[in-house]
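The values are calculated or read from the model by the stated rules, or taken from the named source; none is laboratory data. Everything quoted here is computed from the prediction, not taken from an experiment. A quick note on method: Cβ atoms are made from the backbone with ideal geometry, for glycine too, and the neighbour counts reach across all protein chains shown. Calculation scope for accessible area: heavy atoms of the full protein, side chains included, ligands and nucleic acids excluded. Shrake-Rupley method; radii C 1.70, N 1.55, O 1.52, S 1.80 Å.
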Amino acid sequence: MTDEKSVTIRVGGPLIEISKDGSSPIEDSGLLNALLKKLSFMRRNFNYVTGEKDFELISMYVFDDKGRLVCQKGWFDAICKILDDYGYKPIIIDERRARESAYTEDWDAVLKHFVFRPMQKLCLAKIVSRIRKRLGGIVEAAPAFGKTKLISMVCALYPKAKIDVISYGNELLDDIRRHILQHTPNVGRAYGGYKSEDRITVISSMSLSYIRPDADLVLVDEVHKLATDRCASALGRYQDACMFGFSATPKARLDNLHQRLEALFGPIIFSTQWQEATSAGLLVPILVDWRDVHQGTTVSRYYQNQVLRKRFAYWRNHERNHMIASAARSYYEQGMQVLILVETIEHALFLQELLPEFEVCFSGLTKGTPQFRRLQGLFPNAKLDVTAMRRRELKSRFENRDLLGAIATPIWATGVSFDGLQVLIRADGGGSEINCHQWPGRVARIDPVTGKRVGVVVDFLDKFDQWTYQRSLFRRRIYTKNGWTQMANLGNKISKLLEVDHDTSSASV
């Protein structure tokens, strides 16, 4: 009878160490190769000037001076599975700090202050199960699932834990902090020029120097955006925290850097897709209203530079912009709330010239910069210094439906809660899978005030150039995958469709 094969895993701090017996390297070459393959990925690097791309092998591991394999703690589950596949038993040496009081659960606080929407109780149970094992994970949930509410629940459930809550964008961070404060007092912040630490601290992705490496829990919203070199390095400073990431699109980055998320947080522990969330009553069905665009510059013939292609295919395409304005006005005049999302301030201002009744919201434009002067030359009468106070005012008016027409850059593309929004117009012409999920999610929220039964997304089949047309077809494939109904050139027929209950099955364009 042979001895049972085993591998030792030492757990402690942000790293785990894998060895034969705690001191010797792994000798099984097949096992080692399987581990190294899991801990590696190909990064896509893009040159947005030439349009070229190349690939770079990224290894998420090192060998120490004794030849032991060392990697980040999020790989624990994956490593244990590979060991099991190869017939090895893991021997765990747990050197994590003992702070069991930090994970004391107060279910009375959660049940008293929160009402669960469908599937949220199951999601919270998955998170709690991982914390009890001192592990983390990623929650993949469709837009409008209620991730901010889940974060607030976790903060209330663990009243003795030191918690860092991280995301990006001051408006989104304000919303998260406001939701937590409704149920849990003493919430600090490190964003927007403020620095105040408390048991729970809300931190901007731009202020990661303020994270607390000794935190007990780390909750990261829109986690796919924090897979960059800078952010991943900062998040790697957490020692023994249970770390959770929340995103509708945790595996959709074009550069493939989302592979880093499992290293930091662990595997996906909960997942709900569009059709499942819609069937559960978490979201309204989405109808895509496609409009054909036949006129525009054949940009793929003249430009390799991606910015120039977008500028002349989309931002300054006079005929296309008139079609966008016409679609927006047709819904707006029916009393529906309409949001036009664009990629750039330049595009927003061109559209506002055609839609003076619509307000424009953007940020990041500083007086005296080359971009400010360039736009000032193009739009001498435009108000370019949109202050933070002005953005908050516009957001509040739009949330309350005091404002029914708006044009916004991606500042309003994710992390905002416009429950009553009925129509989203995608003017960007984008080719990002993440945006194909996130941006339409703005119209998917349930709203008892308007009683909307369907959210409308207006998009454009840009047939004037092969490059733009392929991007349109890419968006259509993602919409089909999500199970959304797609119809061509609805025009005035849309009002009749909205008067009846809508089938969520996908129709061809």
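Filtered by the rule that a residue be open to solvent by 50 Å² or more (accessible area, probe 1.4 Å) and either modelled with pLDDT under 95 or on the phi > 0 side of the Ramachandran plot (or both), the range 334-362 gives a lone residue, Gln334. For the range 182-231, a residue qualifies if it is open to solvent by 20 Å² or more (accessible area, probe 1.4 Å) and part of a helix (DSSP H, G or I), and the qualifying residues are Ser209, Tyr210, Lys225, Asp229, Arg230. The residues of the range 409-421 that are out of contact with any His (no Cβ under 9 Å at 6 or more places or on another chain) and either under 16 Å from Val458 (Cβ atoms) or touching a residue at least 60 places away in the same chain (Cβ under 8 Å) (or both), listed by number, are Pro410, Ile411, Trp412, Ala413, Thr414, Gly415, Val416, Ser417, Phe418, Gly420, Leu421.
Thr366 meets each of the listed conditions (1) in contact (Cβ under 8 Å) with a residue 40 or more places away in the chain; (2) among the hydroxyl-bearing types (Ser, Thr, Tyr); (3) assigned to a loop (DSSP other than H, G, I, E, B) apart from (1).
Scanning the range 253-270 for residues being at pLDDT 95 or above and of a type in the set (S, T, N, Q) gives a total of 0. If I ask for residues that are farther than 20 Å from Thr468 by Cα, of a type in the set (Val, Ile, Thr) and not in a strand (DSSP E or B), which ones from the range 418-444 would you list? Answer for the range 418-444, where residues must be farther than 20 Å from Thr468 by Cα, of a type in the set (Val, Ile, Thr) and not in a strand (DSSP E or B): just Val443. For the range 455-487, the set of residues classified as farther than 22 Å from Thr249 by Cα, touching a strand residue (DSSP E or B) at 6+ places or on another chain (Cβ under 8 Å) and surrounded by fewer than 21 Cβ atoms within 10 Å (Cβ to Cβ) consists of Leu461, Lys463, Phe464, Tyr469, Met487, listed by residue number. For the range 445-463, which residues satisfy the criterion of being part of a loop (DSSP other than H, G, I, E, B) and touching a Pro at 6+ places or on another chain (Cβ under 9 Å)? Matches in the range 445-463: Arg453, Val454.
So if I check each of Leu341, Leu254, which one is within 19 Å of the chain's Cα centre (by Cα) and closer than 27 Å to Asp402 by Cα? None of the other options fit; the residue is Leu341. If you filter the range 398-408 down to residues that are in contact (Cβ under 8 Å) with a residue 24 or more places away in the chain and within 13 Å of Gln337 (Cα to Cα), you find that the one that is surrounded by the fewest Cβ atoms within 10 Å (Cβ to Cβ) is Arg401. Give all pairs with beta carbons closer than 9 Å in which a residue from the range 128-144 that is of a type in the set (S, T, N, Q) meets a residue that is open to solvent by 10 Å² or more (accessible area, probe 1.4 Å) and not in a loop (DSSP other than H, G, I, E, B); count only pairs at least 6 apart in sequence or on separate chains. Listed by first residue and then by second, the contacts come to Ser129/Ile269. Looking only at residues that are touching a helix residue (DSSP H, G or I) at 6+ places or on another chain (Cβ under 7 Å) and of a type in the set (Val, Ile, Thr) in the range 417-443, which one is nearest to Asn170 (Cα to Cα)? If we take residues in the range 417-443 being touching a helix residue (DSSP H, G or I) at 6+ places or on another chain (Cβ under 7 Å) and of a type in the set (Val, Ile, Thr), then Ile434 is nearest to Asn170 (Cα to Cα). Consider Ala313 carefully, then state whether it is open to solvent by less than 40 Å² (accessible area, probe 1.4 Å), among the small types (Gly, Ala, Ser) and in contact with a Gly (Cβ under 9 Å, 6 or more places away or on another chain). Considered against the rule, which asks whether it is open to solvent by less than 40 Å² (accessible area, probe 1.4 Å), among the small types (Gly, Ala, Ser) and in contact with a Gly (Cβ under 9 Å, 6 or more places away or on another chain), Ala313 comes out as yes.
Residues in the range 419-454 that are among the β-branched types (Val, Ile, Thr), under 16 Å from Ala277 (Cβ atoms) and open to solvent by less than 10 Å² (accessible area, probe 1.4 Å): Val443 only.
Go through (1) part of a loop (DSSP other than H, G, I, E, B); (2) in contact (Cβ under 8 Å) with a residue 40 or more places away in the chain for Arg392 and report which single condition fails. If we test Arg392 against (1) part of a loop (DSSP other than H, G, I, E, B); (2) in contact (Cβ under 8 Å) with a residue 40 or more places away in the chain, just (1) comes out false.
Restricting attention to the range 255-309, the residues that are open to solvent by less than 40 Å² (accessible area, probe 1.4 Å) and part of a strand (DSSP E or B) total 12. Residues in the range 126-152 that are over 19 Å from His183 (Cα atoms) and small (Gly, Ala, Ser): Ser129, Gly136, Gly137, Ala141, Ala142, Ala144. Please verify whether Val110 is open to solvent by less than 10 Å² (accessible area, probe 1.4 Å), within 30 Å of Thr8 (Cα to Cα) and of a type outside the set (Ser, Thr, Tyr), treating the condition exactly as stated. Considered against the rule, which asks whether it is open to solvent by less than 10 Å² (accessible area, probe 1.4 Å), within 30 Å of Thr8 (Cα to Cα) and of a type outside the set (Ser, Thr, Tyr), Val110 comes out as no. Counting only strands (runs of 3 or more DSSP E) that sit completely within the range 6-63, those holding 3 or more residues that are within 26 Å of Leu235 (Cα to Cα) and open to solvent by less than 50 Å² (accessible area, probe 1.4 Å) correspond to 6-12, 15-19, 40-46.
So that you can scan it fast, the table gives a plain yes or no per residue for (1) among the hydroxyl-bearing types (Ser, Thr, Tyr); (2) closer than 22 Å to Gln438 by Cα:
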| site | (1), (2) |
| --- | --- |
| Arg237 | no, no |
| Cys242 | no, no |
| Lys251 | no, yes |
| Phe270 | no, yes |
| Leu282 | no, yes |
| Ser300 | yes, no |
| Ile324 | no, yes |
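Which residues, counting only those in the range 372-381, are in contact (Cβ under 8 Å) with a residue 24 or more places away in the chain and open to solvent by 30 Å² or more (accessible area, probe 1.4 Å)? Residue satisfying the conditions is Leu378 alone. Here Thr485 meets each of (1) under 25 Å from Gln273 (Cα atoms); (2) among the hydroxyl-bearing types (Ser, Thr, Tyr); (3) out of contact with any Leu (no Cβ under 6 Å at 6 or more places or on another chain) with one exception, condition (3).
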